[in-house]
């Protein structure tokens with residue numbers, strides 16, 4: 001019965017993460033590994049299982065709000081796998097902890113720019129307003145490759161890169177980018193879950209109650225997102241990126 005505490009945990013994490021368009025794995029894994037003492041491999045498998053339910057639930061909610069650009073979402077997933085292989089190769093060339101530190105510094109810098117930059121009024125809250133011209137396709141394909149590289153090199157979700165591409169390059173509001181990111185993650189996370197499931201890394205006693213909470217939170221997050229001004233959401237997302245960036249920036253000093 002102790003595992004039932006994971007239902008409110010799932011609700012809280014999924015509500016916040018789906019509101020800004022992130023999967024929540026960066027929060028769930030430490031909670032499981034450090035808070036409950038679950039081995040890392042199982043913590044990752046359980047987290048992926050829960051994030052699948054978060055993203056599917058949130059995708060349905062954002063789709064009902066018409067806040068998903070499905071074509072952009074698919075393009076941002078197009079080169080994730082080749083990018084992951086490339087990222088894994090890069091880790092053999094340069095020490096991964098120093099790579100993480102460099103990326104963390106870059107992420108924190110870009111996030112500070114997002115936080116300080118005044119939001120411009122954008123018409124891109126409607127998916128149809130973004131045309132799939134060569135430039136848009138180029139940004140998306142590059143972002144997909146980069147997100148795969150980042151995921152493999154640093155062990156963080158590629159949604160961080162996807163959101164930056166949509167907000168900074170395509171001019172989407174966070175409302176639209178969050179919905180599109182959740183749609184893309186629903187596909188990639190489901191694929192990432194399969195090998196962990198086959199390896200027995202998904203402990204259902206923990207995964208099921210966590211997933212129940214994530215389904216509920218995946219509905220609440222988009223509802224809250226709709227009620228919050230796009231500029232405020234952008235600042236919230238930027239703060240999250242700053243925290244992730246600073247944590248990665250410290251890896252060379254705490255990880256050797």
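Values in this text are rule-based calculations from the coordinates and carry no lab data. Quick caveat: nothing in here was measured; it's all calculated off a predicted structure. Cβ coordinates were reconstructed from backbone atoms using ideal geometry, including for glycine residues, and neighbour counts include every protein chain displayed.
Quick check: from the Cα gyration tensor, does region 146-225 come out rounded (a/c under 1.5), prolate or oblate?
Judged from the Cα gyration tensor, region 146-225 comes out oblate (a/c at least 1.5, b/c at or above a/b).
Which shape class applies to region 1-117: rounded if a/c is under 1.5, otherwise prolate when a/b exceeds b/c and oblate if not, where a ≥ b ≥ c are the square roots of the Cα gyration tensor eigenvalues?
It is oblate, given that a/c is not under 1.5 and a/b is not larger than b/c.
Bins of 10 Å, beginning at zero and ending with the bin holding the largest distance: percent of Cα pairs per bin for the chain, please.
In order of increasing distance, the bins hold 8, 31, 39, 19, 3, 0 percent.
Quick check on the chain: helices-only [θ] at 222 nm, where DSSP H runs of length 4 and up contribute -39,500 (n - 2.57) each and the sum goes over total residues. Nearest 500, please.
Rounded to the nearest 500, the figure is -23500 deg cm²/dmol.
In a Gaussian network model over the chain where Cα atoms closer than 10 Å are linked, find which of 46, 232, 68 has the largest mean-square fluctuation.
Taking springs between Cα atoms under 10 Å, the residue moving most is 232.
At R0 = 25 Å, how high is the FRET efficiency between residue 85 and residue 109 if r is their beta carbon distance? Nearest 0.05 is fine.
The pair residue 85/residue 109 has a calculated efficiency of 0.35.
Provide 3, 42 in ascending order of the number of other Cβ atoms located within 10 Å of each residue's Cβ, fewest first.
On the way: 3 15, 42 20.
Taking fewest neighbouring Cβ atoms as first place, the list is 3, 42.
Is region 184-256 best put as rounded, prolate or oblate by its Cα gyration tensor, with a ≥ b ≥ c the root eigenvalues, rounded for a/c under 1.5, and otherwise prolate when a/b is larger than b/c, oblate when not?
Values: a/c = 2.33, a/b = 1.13, b/c = 2.07.
Judged from the Cα gyration tensor, region 184-256 comes out oblate (a/c at least 1.5, b/c at or above a/b).
Rank these for me by crowding, 32, 168, going from fewest to most other beta carbons within 10 Å.
168, 32
Would you order 196, 69 from fewest to most other beta-carbon atoms within 10 Å of each residue's own beta-carbon?
Ordered by Cβ neighbours within 10 Å, fewest first: 196, 69.
Suppose R0 equals 22 Å. What FRET efficiency, 1/(1 + (r/R0)^6) with r the Cβ-Cβ distance, do residue 224 and residue 74 give to the nearest 0.05?
Result of the calculation: an efficiency of 0.25.
Hey, for a label at residue 5 modelled as a point 7 Å past Cα toward Cβ, could you say which residues of region 15-58 have their backbone N under 11 Å away?
What the label zone holds, given the 11 Å backbone N cut-off, is 35-37.
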